[in-house]
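Below: one structure, written as structure tokens.
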Amino acid sequence: MTTYESEIKTISSNEEMVFGVLSNLNNLQKFEQRIPQTDKIKDLKFDSDSCSFLVDGIGKIGFRITEREPFKTIKLTSENAPVQLTVWVQLKFVSENETAMKLTLKADLPAMIKMMVDKKLKEGVDMVAELLTKTLNTNT
């Protein structure tokens, strides 16, 4: 398994509120307009425990929440992906109105695929962490 970690981001809200928003994937619909528009990702769908989207050249990929540890961790596991992916959203109390957040992605990548997507996955994890941070800081 290859591990990709985002930089630690700071959200201007308490960890209970941040966890409440991120642990219900229906809330991601609020962020949809902030996702950079691309022809490669389409047809985003959300419910409380899962999200899915079409990726050009790959097909439909989804993520399902498989574990919630209140105010600390949200674990998502891939569905219908060509490789096994697991994502952790880790939250840590900093102060009454400040929460630290880090995203971790673990991917079971064959060597050839890793060489092709390594940089893009690292950039993607950082981009998602930044998007979530900006959106949560704007909407809290």
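Test Thr73 against the criterion of being farther than 18 Å from Val21 by Cβ, modelled with pLDDT of 95 or more and surrounded by fewer than 17 Cβ atoms within 10 Å (Cβ to Cβ), and give yes or no. In short, no.
Residues checked against (1) of a type outside the set (A, V, I, L, M, F, W, C); (2) without any contact (Cβ under 8 Å) to a residue 24 or more places away in the chain; (3) part of a strand (DSSP E or B); (4) in contact with a helix residue (DSSP H, G or I) (Cβ under 7 Å, 6 or more places away or on another chain):
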position	(1), (2), (3), (4)
Lys60	yes, yes, yes, no
Phe63	no, no, yes, no
Thr77	yes, yes, yes, no
Pro82	yes, no, no, no
Met101	no, no, yes, yes
Leu105	no, no, yes, yes
Lys122	yes, no, no, no
Val125	no, no, no, no
Leu136	no, no, no, yes
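The condition of being surrounded by 14 or more Cβ atoms within 10 Å (Cβ to Cβ), at pLDDT 95 or above and of a type in the set (A, V, I, L, M, F, W, C) does not hold for Ile61. Looking across region 96-116, the residues that are at pLDDT below 95 and either within 14 Å of Thr10 (Cβ to Cβ) or among the aromatic types (Phe, Trp, Tyr) (or both) come down to Glu96, Asn97.
The values are calculated or read from the model by the stated rules, or taken from the named source; none is laboratory data. Keep in mind that this is a model prediction, so the values were computed, not measured. Positions of Cβ are generated from backbone atoms using ideal geometry, with glycine treated the same way; all protein chains shown enter the neighbour counts.
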